[in-house]
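Encoded as C-alpha cells, the structure appears first; notes follow it.
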Amino acid sequence: MVQAIPAYVGPDAIRALVGYEDVVEDVAAAFADFSRGLGDSPVAVFAPAGRDGDVHVKSAWLPGRSVFTVKVATWFAERARQGGTPGARAVAVFDARTGDLRALLEDEHHLSDIRTAAAGALAARTLARPDSAVLGVLGSGVQAYLQILAAADELPIREVRVWGRRDDRVRRLAAALGTRRPDLRVTLVGTARQACEGADVLVTAIASTEPLVDAEWLAPGLHITAVGADDPTKAELSPACLQRADRIVVGSRALTAVHGDLARARTAFPEPTELGEVLAGSAPGRERADEVTVCKLIGLGVQDLAAAQVTLDRLRGTGPQRSRPPACATDLRADTAPDATVSACACWPTASTASTPPPTWSRPTRQTSHGTQASASPPATASPPPPATSSPPCGGPPGEPAFQHSISTGSNGGGRHRRDDQHRSGAERAASGAPHRHPGLRERIRPVP
C-alpha cells in the first residue's frame with residue numbers, strides 16, 4: 001500500500017529507512033548522468049557569522065527525475081557553545097513538475113554519509129582487483145566505518161587493517177564492525193604505513209591538512225578510494241602517490257581542480273576520468289591486475305538527489321523491506337556502540353568467529369528506484385584469507401592527539417559549468433602555477449581551529 005509522504009521527516013526515521021546499500025545503483029545512475037553533462041548541480045557558500053558560521057547550499061536536478069533537491073548544511077560556533085553540535089543540515093525535496101515542496105528531510109548528515117559510501121562501493125566495484133581480500137583504512141569515523149562495509153559488499157574482503165588518530169574511536173569502530181560483519185578480521189595498527197602495506201584496497205577517510213600516504217607504500221595492484229580531503233586546505237595522498245598511479249578517477253573534474261589532493265599536488269599525474277564515465281562505459285575502469293588506481297571523491301549534489309529519491313520511495317512504502325536497521329553514525333556513539341573487546345594493535349574478531357571459515361562471497365543483487373535490475377557475478381577466483389598472526393607488527397603508540405575538520409567528509413558539490421582549462425592535464429596545471437577556481441563556486445576557507 002502506497003503511503004502519504006510526511007511534510008517533515010526527522011533523522012531517526014531516515015536512519016531507520018535507508019542505508020548505503022539501498023542507494024548504490026541510484027547513485028551510479030546519477031554519476032553517469034552527471035558525466036554525460038545532464039542536469040545541473042550548483043553550489044553556493046556564504047558566511048552569515050564570518051569565521052564563526054557559514055552555510056553551504058547544494059542543489060541538483062536531473063532529467064527524468066520526479067524531484068529536485070536543495071541541501072543546506074550549516075556550521076556555527078555559537079551552536080556548539082550552546083551545547084549542540086556545530087553542524088546542522090536538511091534536504092528540501094521539490095516536485096520537478098510543479099515546484100511544490102514535497103518533503104523536508106532533516107537527516108543529521110545521514111544521507112550524505114550513505115551516498116558517499118555508495119560512491120566508494122562503486123569505486124571498489126570498477127577499480128579494485130576482483131580478488132581483493134585485504135582492506136587498509138585510515139580513519140575511524142562514520143565514513144571509515146561505512147566505506148569498510150561498502151567495500152566488503154563489493155569485494156571478497158577478509159581482513160581490515162585500521163589506523164586512526166584516536167584510540168577510543170578506533171576501538172568503537174572495531175566493535176561496531178564486529179556486530180555488523182563478524183566474518184571480517186579487524187586489526188588495529190599503530191601507523192598509517194602498516195595500514196597501507198600489504199593492502200589490496202586502501203580507504204582514506206581522515207581530514208588531514210597534510211598528506212599521510214607516501215608513494216613507496218603503494219604496491220602494484222593497489223586501489224585507493226580517497227574521501228577525506230574535501231576542501232582546498234586538506235590532502236591525504238602525497239603528490240608522489242598521484243604520480244605513481246596508473247589511473248585516476250574522480251567524481252567531478254571541476255571539483256577536484258579546486259578541492260583536495262589533486263588540487264594541492266603541483267605535479268604531473270595522469271589525466272583523471274570521471275566515475276560516471278567509467279560507470280557509463282565511456283571510459284575504462286581497471287584494465288590490468290598490476291595497475292595502481294586512485295578514486296578521489298568529493299560529494300556531488302546529484303548524489304544527494306539520488307539518496308533523497310530513494311528515501312521518498314521508502315517513505316511511500318514502495319521499496320523493499322529491511323531485515324535489520326541500516327548501518328549509521330549511531331553505531332559508533334559511545335553510548336550505543338558495543339564494548340570493544342580488542343586491545344590496541346591486536347587481531348580481531350572474537351574467538352567464536354576466528355575458527356569459523358568465512359562464508360562464500362557473492363555480490364548482492366539490487367533493485368533501483370527506476371526499476372532496473374543491477375547485478376554482477378562474483379570473481380571467478382578469490383585470494384584466500386591471509387593467515388592469522390599471533391602478534392601483528394605495530395610500531396608507535398596509538399591514540400595520537402585529536403583533530404577537527406571544518407567541512408564534513410565528501411560534502412562539497414559543484415555545477416556542470418565546464419571550461420577548457422578544467423580538462424587540462426596534471427602537467428599543464430602544474431606548469432601554469434595558477435590557482436584553479438570553479439566558475440560556479442564561491443568558496444571561503446575556514447581554518448581548522
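Residues in region 41-50: is at least one in a helix (DSSP H, G or I) and at pLDDT below 90? Checking region 41-50: at least one residue is in a helix (DSSP H, G or I) and at pLDDT below 90. Scanning region 147-189 for residues that are under 20 Å from residue 228 (Cα atoms) and assigned to a loop (DSSP other than H, G, I, E, B) yields 164, 165, 166, 189. Of the set (1) touching a strand residue (DSSP E or B) at 6+ places or on another chain (Cβ under 6 Å); (2) more than 21 Å from residue 306 (Cα to Cα), all apply to residue 158 but (1). Checked across region 56-78, the condition of being among the β-branched types (Val, Ile, Thr), within 19 Å of residue 280 (Cα to Cα) and either in contact (Cβ under 8 Å) with a residue 40 or more places away in the chain or in contact with a Ser or Thr (Cβ under 9 Å, 6 or more places away or on another chain) (or both) holds for no residue.
Quick one: is residue 222 among the aliphatic types (A, V, I, L, M) and modelled with pLDDT under 85? Taking the combined requirement at face value, the residue does not satisfy it. If you go through region 51-89 one residue at a time, how many are modelled with pLDDT under 95 and hydrophobic (A, V, I, L, M, F, W, C)? Count: 9. Tell me, please, whether a residue that is touching a residue at least 60 places away in the same chain (Cβ under 8 Å), surrounded by 23 or more Cβ atoms within 10 Å (Cβ to Cβ) and on the phi > 0 side of the Ramachandran plot can be found in region 92-102. Checked region 92-102: no residue is touching a residue at least 60 places away in the same chain (Cβ under 8 Å), surrounded by 23 or more Cβ atoms within 10 Å (Cβ to Cβ) and on the phi > 0 side of the Ramachandran plot.
Can you confirm whether residue 330 is at pLDDT below 90 and either in a loop (DSSP other than H, G, I, E, B) or surrounded by fewer than 19 Cβ atoms within 10 Å (Cβ to Cβ) (or both)? When the stated conditions are applied, residue 330 does not pass them. When residue 110 is tested against (1) within 30 Å of residue 283 (Cα to Cα); (2) in contact with a Cys (Cβ under 8 Å, 6 or more places away or on another chain), exactly one condition is not met: (1). Taken over region 109-140, the criterion of being closer than 13 Å to residue 205 by Cβ and surrounded by fewer than 24 Cβ atoms within 10 Å (Cβ to Cβ) is satisfied by no residue. With 300, 305 as the choices, which residue is at pLDDT 95 or above and on the phi < 0 side of the Ramachandran plot? Answer to the check: 305. Screening the candidates 162, 213, 203, 189 for the property of being within 30 Å of residue 330 (Cβ to Cβ) and in contact with a Pro (Cβ under 7 Å, 6 or more places away or on another chain) yields one hit, 189.
The values are calculated or read from the model by the stated rules, or taken from the named source; none is laboratory data. Small disclaimer: the values here were computed from a predicted structure and weren't measured. Methodologically, a virtual Cβ is constructed for each residue, glycine included, from the backbone with ideal geometry; neighbour enumeration extends over all protein chains shown.
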